[in-house]
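Notes follow the structure.
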Amino acid sequence: MVGAITMTDVPITPEVMAVPRIVSDGDTNLVGKSRAELGEMLVAAGLPEKQVRMRVGQIWQWIYQKGVRDFEQMTNLSKIYRDELAEHFTVSIPEVVSKQVSTDGTRKYLVRIEGGHEVEVVYIPETDRGTLCISSQVGCTLNCSFCHTGTQTLVRNLTAAEIVGQIMLARDDLGEWPEPGRTPNLEGRLLSNVVLMGMGEPLYNFDAVRDALKIVMDGEGISLSRRRITLSTSGVVPAIAKTADEIGCLLAVSFHATTDEVRDKLVPINKKWNIETLLDTLREYPRLSNSERITFEYVMLKGVNDSDEDARRLVKLIKGIPAKINLIPFNEWPGSPYERSDVKRIKAFSEIVFNAGYASPIRKPRGEDIMAACGQLKSATEKVRRSRVKAEDKG
Ligand code: SAH
Ligand code: SF4
């Protein structure tokens, strides 16, 4: 069936580290600031050094544990200090433009960030957990040929405030902040897990992603254990060890192919860091991050990467790495150059991997009716905007 599919040889984007964060000197938002940054902001606004530690902790608790955005409600701070804070600072998160709810309960939020750009955030309820899929960039500089986000050029990196803000707006919508005066309930949370699997390559926006996740994992922040956070990367090798060292969350890798020839086409960053280089780095990750296993994501594309031979090669390649293989049936999007593998094929592939001793769940597509599935994000919205721009050009 390969003949029916044209795999375009997409060039790899050369250097993308240069995309600046948009934290300007005039940035007064307290959301997304590290403890050190927040402390510096408070001192610059007149707070005595010796009070910094305590005040940062108090403010974090109001913002991230109680969902308070109005300084007036931060009642363990003196009235004078609350007024001072309000004079200098804001507590702001991205704005939800619209929300769609799928028949399976999945919620997709269209979110507007500064500059009028939009990103999508997806909440997936399951029986034992609720997972929020968040974005790290508007668009993506990489061009994975099966990914819809990859067809859109990068607009910009999200700030740490915009990344942690996605979690806060979902908690707003889920009604998951404690009543005033109550302590936050850490048991049975509706939003219990976070995956960086939305738009963008998180490791090409490292600093903002790290700062945001540190707030998510902090006991005075969002308070989710690092084992409930999974960062997915296409394979930015130099940043993987740094992730273990500076973040320490769980790692997922968009593997998707078992030969360099095929992976070069599917995940073109492979031309820079090939399968062998990537696997060498991954072998170190569990030890460095003290986590149990790595998730290998593998999109099932008919006739491209889904043969029994591929499955056997895969288990050989990852030998020695504690791993789980997530098989993702390809989600089609308008104009996509691939087809989803048949259910029978996916099951046969899964069985080979399973029999080699690895968990190999087939991911159930969620929220398909609202285009919220993996790799489908941003589609309709972006198209509308493009046609709007065209219309404006003409006008
Ligand atoms: N940029 C990061 C994280 C976002 S993508 C990365 O590439 O890992 C999250 C997962 O969805 C990745 O494994 C990605 O390869 C996969 N994906 C992208 N487009 C898809 C599609 N159309 N169908 C199924 N999975 C897709
Ligand atoms: Fe970017 Fe990930 Fe899509 Fe590749 S799969 S284009 S890295 S968002």
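Report every pair of residues separated by at least 6 positions or lying on different chains whose Cβ atoms are under 8 Å apart, first residue within the stretch 334-345 and in a strand (DSSP E or B), second of a type in the set (Phe, Trp, Tyr).
Close Cβ pairs satisfying both conditions: 340/330.
So which residues in the stretch 225-245 are closer than 15 Å to residue 289 by Cα, touching a Cys at 6+ places or on another chain (Cβ under 9 Å) and among the hydroxyl-bearing types (Ser, Thr, Tyr)?
230, 243
Please work out which residue is surrounded by the fewest Cβ atoms within 10 Å (Cβ to Cβ), limiting yourself to the stretch 215-234 and to residues that are touching a Leu at 6+ places or on another chain (Cβ under 7 Å) and in contact (Cβ under 8 Å) with a residue 40 or more places away in the chain.
Step one: list which residues in the stretch 215-234 are touching a Leu at 6+ places or on another chain (Cβ under 7 Å), which gives 216-217, 223, 227, 229-234.
Then keep just the ones that are in contact (Cβ under 8 Å) with a residue 40 or more places away in the chain; that gives 216, 223, 227, 230, 232, 234.
Working: 216: 22, 223: 16, 227: 14, 230: 20, 232: 22, 234: 25.
Ranking the qualifying residues of the stretch 215-234, first place goes to 227.
When the residues of the stretch 242-283 are narrowed to those that are of a type in the set (A, V, I, L, M, F, W, C), more than 16 Å from ligand 2 (Cβ to nearest atom) and under 17 Å from residue 205 (Cβ atoms), which ends up surrounded by the fewest Cβ atoms within 10 Å (Cβ to Cβ)?
So, considering only residues that are of a type in the set (A, V, I, L, M, F, W, C), more than 16 Å from ligand 2 (Cβ to nearest atom) and under 17 Å from residue 205 (Cβ atoms), the one surrounded by the fewest Cβ atoms within 10 Å (Cβ to Cβ) is 247.
Looking at (1) within 16 Å of ligand 2 (Cβ to nearest atom); (2) of a type in the set (A, V, I, L, M, F, W, C); (3) under 15 Å from the mean Cα position of the chain (by Cα), which one does residue 155 not meet, given that it meets all the others?
Exception for residue 155: condition (3).
Residue pairs, Cβ under 9 Å, 6 or more apart or interchain, first in the stretch 131-149 and within 19 Å of residue 112 (Cβ to Cβ), second in a loop (DSSP other than H, G, I, E, B) and among the basic types (Lys, Arg). List them.
The qualifying pairs are 135/378; 138/378; 139/378; 149/378.
Among the residues of the stretch 282-319, which ones are part of a helix (DSSP H, G or I) and farther than 30 Å from residue 336 by Cβ?
First, pick out the residues of the stretch 282-319 that are part of a helix (DSSP H, G or I): 282-289, 308-317.
Selection gives 283, 284, 285, 286, 287, 288, 289.
Any idea which residue in the stretch 222-241 is farthest from ligand 2 (Cβ to nearest atom), counting only those that are among the polar types (S, T, N, Q) and closer than 23 Å to residue 149 by Cβ?
Restricting attention to the stretch 222-241, the residues satisfying the condition of being among the polar types (S, T, N, Q) are 223, 225, 230, 232-234.
Now drop any that are not closer than 23 Å to residue 149 by Cβ, which leaves 230, 232-234.
Values: 230: 14, 232: 7, 233: 8, 234: 4 Å.
Taking the candidates together, the pick is 230.
Go through the stretch 277-302 and count every residue that is free of Cβ contacts under 8 Å to residues at least 12 places away in the same chain and among the acidic types (Asp, Glu).
First pass over the stretch 277-302, keeping only residues free of Cβ contacts under 8 Å to residues at least 12 places away in the same chain: 280, 287.
Applying the additional criterion that residues be among the acidic types (Asp, Glu) yields 280.
Number satisfying all stated conditions: 1.
So, in the stretch 123-169, of the ones that are out of contact with any Pro (no Cβ under 7 Å at 6 or more places or on another chain) and of a type in the set (D, E, K, R), which residue ends up farthest from ligand 1 (Cβ to nearest atom)?
Looking at the filtered set, the residue picked out is 128.
Could you grab me the full set of residues in the stretch 313-342 that are more than 10 Å from ligand 1 (Cβ to nearest atom) and β-branched (Val, Ile, Thr)?
Scanning the stretch 313-342 gives 315, 318, 321, 325.
Report, by residue number, each residue of the stretch 170-219 that is under 13 Å from the mean Cα position of the chain (by Cα), more than 16 Å from ligand 2 (Cβ to nearest atom) and within 25 Å of residue 363 (Cβ to Cβ).
Residues satisfying the conditions are 193, 194, 212, 213, 216.
Out of the residues in the stretch 266-286 that are under 23 Å from the mean Cα position of the chain (by Cα) and charged (D, E, K, R), which is modelled with the lowest pLDDT?
Among them, the one singled out is 284.
So in the stretch 150-163, with the set limited to residues that are β-branched (Val, Ile, Thr) and at pLDDT 80 or above, which one is farthest from residue 29 (Cα to Cα)?
163
State which residue pairs qualify: first residue at negative phi and surrounded by fewer than 20 Cβ atoms within 10 Å (Cβ to Cβ) and inside the stretch 183-200, second residue modelled with pLDDT under 90 and part of a loop (DSSP other than H, G, I, E, B) in any location, beta carbons under 6 Å apart, and separation of 6 or more residues or different chains.
184/178
Tell me, please, whether a residue that is within 16 Å of ligand 2 (Cβ to nearest atom), of a type in the set (A, V, I, L, M, F, W, C) and more than 25 Å from residue 192 (Cβ to Cβ) can be found in the stretch 117-138. Explain how you work it out, then say what you get.
Of the stretch 117-138, the ones within 16 Å of ligand 2 (Cβ to nearest atom) are 117-122, 133-138.
This time we only want the ones that are of a type in the set (A, V, I, L, M, F, W, C), so: 119, 121-122, 133-134, 138.
Narrowing further to those that are more than 25 Å from residue 192 (Cβ to Cβ): 138.
Yes, some residue in the stretch 117-138 is within 16 Å of ligand 2 (Cβ to nearest atom), of a type in the set (A, V, I, L, M, F, W, C) and more than 25 Å from residue 192 (Cβ to Cβ).
The values are calculated or read from the model by the stated rules, or taken from the named source; none is laboratory data. Bear in mind that the values here come from a model prediction, so they are computed numbers and not experimental data. Neighbour counts run over all protein chains shown; Cβ positions are idealised from the backbone, glycine included.
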